[in-house]
Amino acid sequence: MPRMNRIFLSMVLVLCTLPLLKLFGANIGGFVTVMQQVIPGEARSGDVVTVTGYALDDKHVMAVYLTNGQNDFGVEILEQNTVALRFKVPANIPSGVMRLAIVVNGRSDILEQPVFLKILPEAGE
């Protein structure tokens, strides 16, 4: 069979299979939850921070953490929608650079995100 026919038949097979998978309830795609930007980039305990990205609503993001690689600090989520999430920096969090991490619907592990927040020391320290 000529190469062009094999490529064509392979594409037809894939394109016919996708609707059948969807018909039987298979999840063949969907959301990709990702954080892209933290505003402001520096904060203290008690400050409110906004994160922008995709699929950040409460159907997708179950919990948010600040992590320094050794300890995870849960944050209080104040507002969520598909493109932004606002949270309060927890009290008693050590100063330094923290990576944001999330727990998404359908998974129990914490997924680190490609964004960081610098935690400033408390005023007077």
Odd one out for Thr82, checked against (1) farther than 15 Å from Gln113 by Cα; (2) not in a loop (DSSP other than H, G, I, E, B): (2)
Lone unmet requirement of (1) at pLDDT 95 or above; (2) over 21 Å from Leu120 (Cα atoms) for Val14: (1)
Within segment 24-61, considering residues that are hydroxyl-bearing (Ser, Thr, Tyr) and in contact with a strand residue (DSSP E or B) (Cβ under 7 Å, 6 or more places away or on another chain), the one modelled with the highest pLDDT: Thr50
Hits in segment 51-95 - residues which are touching a residue at least 40 places away in the same chain (Cβ under 8 Å), among the charged types (D, E, K, R) and within 22 Å of Val32 (Cα to Cα): Lys59
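The values are calculated or read from the model by the stated rules, or taken from the named source; none is laboratory data. Keep in mind that what you see is a predicted model, and the values were worked out from it rather than measured. Positions of Cβ are backbone-derived with ideal geometry, glycine not excepted, and every protein chain shown enters the neighbour counts.
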